[in-house]
Amino acid sequence: MIGVYLSGTGNTRHCITKLLSLLDPDASLIPIESRDAAEQIRNEDTIFLAYPTQFSNIPFMIRDFINTNCSIWEGKKVFCLTTMGAFSGDGTGCAARLLKKYNADVIGGLQVHMPDAVCDNKMLKKPLEENKRIVREADKKLEAVAKDILENGKYPREGLGEIAHVAGLFGQRLWFYNKTTDYSRKLKISDDCIGCGMCVKNCPMGNLSIKDGKAVSANKCAMCYRCISSCPKQAVTLLGKKVYEQCRYEKYADVI
Ligand SMILES: Cc1cc2nc3c(=O)[nH]c(=O)nc-3n(C[C@H](O)[C@H](O)[C@H](O)COP(=O)(O)O)c2cc1C
């Protein structure tokens, strides 16, 4: 068993780490950007694939990875785990349908509510206490799911059915389809950038570089918000124009 994940602000990394630590403490965890992620999947029978919902859809980076490595999924047992800020309809179903196309056996799906990573949109900002409560609830849910799998062999199937498909499609995905059909070119870096290279180091796509002492973005942003939430000058934005409060899982976890 292995966990393969994309995580921008740490929510998904936390959820997959917690779930797998309860199911199989020996399971390895691999960020999707690792050079050998595909090779590791090829060598395992059961894969836990985890990613944040983006616009009720799979992040393009995950879609691209699944499609590029289409031969590795044949006959694999895959469990899809997604995290979401509010609503995802069929966040897990989006990857599940694609994986089935490549003959994977999708054994379950889990959609976990976590703090919203979009920190440059004021409307999505929640008070610290609320985010801590959300994380506590998520942990309880993950513990209950692990117990049910271990004791009853029962895997949840959240987001995999037809009703969830319709909810995800009409609830959000149809209106935002164009946002997830490719990597984004819209990352903005303000003059506040000091060229420290933190964003370059953190980007899972290698999309950022330093030029003339300032960070510059190419056109392959995965919209994970890792650079935005780690910039010491809050100089990076994507969907909004100003960072209200950087999001990082660790900020919400100190009560646990
Ligand atoms: C570009 C973008 C789009 C998002 N779209 C949705 C969405 O449609 N529905 C939702 O509930 N959360 C949405 N979110 C929130 C994230 O799914 C959520 O915060 C997730 O837990 C972040 O996980 P991470 O820290 O592992 O990246 C979005 C976040 C980003 C960055």
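Just a few scattered comments:
- Considering the stretch 208-232, and only residues there that are among the basic types (K, R) and over 19 Å from Q54 (Cβ atoms), the residue that is surrounded by the fewest Cβ atoms within 10 Å (Cβ to Cβ) turns out to be K211.
- Taken over the stretch 102-154, the criterion of being among the β-branched types (V, I, T) and out of contact with any Leu (no Cβ under 8 Å at 6 or more places or on another chain) is satisfied by I107, I134, V135.
- Filter result for L49 (touching a helix residue (DSSP H, G or I) at 6+ places or on another chain (Cβ under 6 Å) and closer than 25 Å to E137 by Cβ): no
- Among the conditions (1) more than 14 Å from the ligand (Cβ to nearest atom); (2) not in a helix (DSSP H, G or I), the only one that N67 does not satisfy is (2).
- Complete set of residues in the stretch 72-92 that are farther than 14 Å from A37 by Cβ and more than 19 Å from the chain's Cα centre (by Cα): E74, G75, K77
- Here the stretch 90-109 is the region considered, the condition is being of a type outside the set (S, T, Y) and in contact with a helix residue (DSSP H, G or I) (Cβ under 6 Å, 6 or more places away or on another chain), and the residue that is nearest to the ligand (Cβ to nearest atom) is D90.
- Members of the stretch 203-223 found to be under 18 Å from P59 (Cβ atoms), assigned to a loop (DSSP other than H, G, I, E, B) and not polar (S, T, N, Q), listed by number: C203, P204, M205, G206, A218, K220, A222, M223
- Within the stretch 137-160, at least one residue is more than 16 Å from the ligand (Cβ to nearest atom), touching a strand residue (DSSP E or B) at 6+ places or on another chain (Cβ under 9 Å), charged (D, E, K, R) and not in a helix (DSSP H, G or I).
- Restricting the stretch 79-89 to residues that are within 11 Å of the ligand (Cβ to nearest atom) and either over 19 Å from G3 (Cα atoms) or touching a residue at least 60 places away in the same chain (Cβ under 8 Å) (or both) leaves a set whose member that is surrounded by the fewest Cβ atoms within 10 Å (Cβ to Cβ) is A86.
- Filtered residues of the stretch 138-191 (kept if of a type in the set (V, I, T) and over 20 Å from the mean Cα position of the chain (by Cα)): I149, I163, V166, I189
- Residues of the stretch 8-50 satisfying the condition of being open to solvent by less than 30 Å² (accessible area, probe 1.4 Å), out of contact with any strand residue (DSSP E or B) (no Cβ under 7 Å at 6 or more places or on another chain) and in a loop (DSSP other than H, G, I, E, B): T9, G10
- Residues being touching a Lys or Arg at 6+ places or on another chain (Cβ under 8 Å), of a type in the set (G, A, S) and part of a loop (DSSP other than H, G, I, E, B) - total across the stretch 224-252: 1
- In the set (1) more than 16 Å from the ligand (Cβ to nearest atom); (2) outside any helix (DSSP H, G or I); (3) touching a strand residue (DSSP E or B) at 6+ places or on another chain (Cβ under 6 Å), V200 fails one condition alone, (2).
- Qualifying residues in the stretch 27-67 (those that are touching a residue at least 40 places away in the same chain (Cβ under 8 Å) and among the aromatic types (F, W, Y)) - the one farthest from T9 (Cα to Cα): F48
- Residues satisfying the stated conditions in the stretch 40-64, i.e. of a type outside the set (D, E, K, R), more than 12 Å from the chain's Cα centre (by Cα) and within 16 Å of the ligand (Cβ to nearest atom): F48
To keep it simple, each residue is scored yes or no on (1) surrounded by 14 or more Cβ atoms within 10 Å (Cβ to Cβ); (2) of a type in the set (F, W, Y); (3) without any contact (Cβ under 8 Å) to a residue 40 or more places away in the chain.
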| site | (1), (2), (3) |
| --- | --- |
| L169 | yes, no, no |
| F176 | no, yes, no |
| Y183 | yes, yes, no |
| I189 | yes, no, no |
| G197 | no, no, yes |
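The values are calculated or read from the model by the stated rules, or taken from the named source; none is laboratory data. Because the structure is predicted, anything quoted here is derived from the model rather than measured. So basically every Cβ, Gly included, is an ideal-geometry build from the backbone, and we count neighbours across all protein chains shown. Calculation scope for accessible area: heavy atoms of the full protein, side chains included, ligands and nucleic acids excluded. Shrake-Rupley method; radii C 1.70, N 1.55, O 1.52, S 1.80 Å.
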